[in-house]
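The block underneath contains the structure these notes are about, expressed in structure tokens.
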Ligand code: PMP
């Protein structure tokens, strides 16, 4: 049974007033709130266990190691990876992509091609541009149509032996559009030996990820958007490729032997986890995966899709409101502007005065904003604890903003 009040009770932060009004938190695509199970896992680590992991002979160190490795196995199950050592703990999506862009330097040479899409977050653009600068490779960008839908015939037309890498997001953070990554992967497998990276930052909080079924080479996401602490995340990679890739950071934990003549690297996953990890955060990330699974992906998805549909329908009743990506399959996000009101942040400020938290601006996706010839949008984004009443409050707030600003 899906019991929204039971879920909300697990998020004490939601029970507060902002500017004298009950908080309506609709900025979940930027970061979600954390349930008690996650906060407790984090606190338990720091109050009962805190010790550095691996190489520890003493009890607390062994406990910390066991708990963190248990969490790795929870994430393995969460994304259906074949092996637990294919799950690398990172600080988040940005670090995962930068790790890959650095470690894949030798995979590319001058005039090779990397395909990304128009819908990418800056963190799935800039690291690849930096890789292109280092190697002389070129970026190619899958275009979108006026609904923000990827034109994937571009992939078919542009795949060649030069295509060495494809990196696209599973769900767009600016628009919420769910991209046809299965089709892109199938095309790529048929026509190239390109490596495939999926940025799942906005997918992991919303639906079941199955990396084996997807058949991607890499999958990255952040913990903090899926109810886990900030500074956590994972990079999944297929064993064979991870074994061949050189490490990203050098330091402690990532070596097998170290001498001044020659250093050899540790086995997976530690080769990619230099330095002291975020042990408490990584343990709490496992608790976040448990939390999502305790609700059930299907329940969570049904609720969030119903919220999105309701929000879209109610918002479109307002004159002159445009939703970007309106006709695309979307999850978790409604991104809009009001006709004649050029500055999205003006709307955001009025909403904040009545307790509603939304994000306004370019959402780290300036190319999408340039495509639509706008400076930014107002983005309301949903999590499992949001309610239909909150959508009504949002719509009333937007109506008020429209009255005040026009
Ligand atoms: N990709 C997407 C699609 C995102 O939504 C975000 C965060 N907004 C990122 C990458 C970067 O994530 P982080 O800042 O947690 O590293």
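Only the coordinates and a few stated rules stand behind these numbers; no lab work does. Just so you know, these numbers come straight off a predicted model, no measurement behind them. Cβ placement follows ideal geometry from the backbone for every residue including glycine, while neighbour counts extend to all protein chains displayed.
Taking the alpha-carbon centroid of each part, what is the distance from region 107-175 to region 187-236 in angstrom?
Between the Cα centres of region 107-175 and region 187-236 lies a distance of 16 Å.
Is region 8-153 best put as rounded, prolate or oblate by its Cα gyration tensor, with a ≥ b ≥ c the root eigenvalues, rounded for a/c under 1.5, and otherwise prolate when a/b is larger than b/c, oblate when not?
Since a/c reaches 1.5 but b/c is at least a/b, the shape of region 8-153 is classed as oblate.
For a label point 7 angstrom out from the Cα of residue 48 toward its Cβ, which stretches of region 70-96 have the backbone nitrogen within less than 18 Å?
70-72
Quick one: what does P(r) look like for region 248-344 with 10 Å bins over all Cα pairs, in whole %?
12, 23, 17, 19, 17, 10, 3, 0
Please tell me the relative contact order of the chain in percent, rounded to the nearest whole number, where contacts are Cα pairs under 8 Å and at least six residues apart. Display every interim value, and only then the final one.
Numbers: 796 pairs, mean separation 92.0, N = 406.
Over the chain, the number comes to 23 percent.
So between residue 258 and residue 83, what do we pick up on full extension, going 0.36 nm a residue minus the alpha carbon distance?
60.3 nm
Working from Cα positions, state the angle (0 to 90°, nearest 10) between the long axis of helix 181-191 and the longest principal axis of the chain.
Here the helix axis deviates by roughly 50 degrees.
How large is the convex hull of the Cα atoms of region 58-141 per residue, expressed in Å³ as a whole number?
127 Å³
Once fully extended, how much extra length lies between residue 293 and residue 17, figured as 0.36 nm per residue of separation less the alpha-carbon to alpha-carbon distance? Mind showing how you got there, number by number?
Values: separation 276, 0.36 × 276 = 99.36 nm, distance 2.97 nm.
Contour length minus Cα-Cα distance gives 96.4 nm.
Summing -39500 (n - 2.57) over the DSSP H runs of n ≥ 4 in the chain and dividing by its residue number, what mean residue ellipticity at 222 nm do you reach, to the nearest 500 deg cm²/dmol?
Helix-only estimate at 222 nm: -11500 deg cm²/dmol.
Please give the contour-minus-distance gain from residue 249 to residue 182: 0.36 nm per residue of separation, less the Cα-Cα distance, rounded to one decimal in nm.
21.0 nm
Can you order the peptides 338-344, 67-73 by their average number of other Cβ atoms within 10 Å per residue, highest first? Don't skip to the answer; put the middle values down first.
Details: 338-344: 15.9, 67-73: 19.1.
The most tightly packed comes first, giving 67-73, 338-344.
Percent antiparallel among DSSP beta bridges with both residues in region 39-293, to the nearest 5?
So the antiparallel bridges amount to about 45 percent of the total.
If we sort 250-260, 42-52 on the protection proxy, mean other Cβ atoms within 10 Å, highest first, what's the order? Show your work: numbers first, answer last.
Details: 250-260: 12.8, 42-52: 14.9.
Taking the mean over residues of other Cβ atoms within 10 Å, the ranking is 42-52, 250-260.
Rounded, prolate or oblate: which one fits region 296-405, using the alpha carbon gyration tensor with axes a ≥ b ≥ c (rounded when a/c is under 1.5, else prolate when a/b beats b/c, else oblate)?
In terms of gyration-tensor shape, oblate.
Measure nothing but the geometry: give the 0 to 90° angle between the long axis through the Cα atoms of 59-79 and the longest principal axis through the Cα atoms of the chain, rounded to 10°.
60 degrees
Listed highest first by mean packing, meaning other Cβ atoms within 10 Å per residue, what order do 302-311, 216-225 come in?
Packing proxy ranking, top to bottom: 216-225, 302-311.
Given axes a ≥ b ≥ c from the Cα gyration tensor, I'd like to know whether the chain is rounded (a/c under 1.5), prolate (a/b larger than b/c) or oblate.
Values: a/c = 2.11, a/b = 1.25, b/c = 1.69.
Oblate is the answer for the chain, as a/c is 1.5 or above yet b/c matches or exceeds a/b.
Tell me the angle of helix 344-353 to the major Cα principal axis of the chain, expressed in degrees between 0 and 90 and rounded to the nearest ten.
80 degrees
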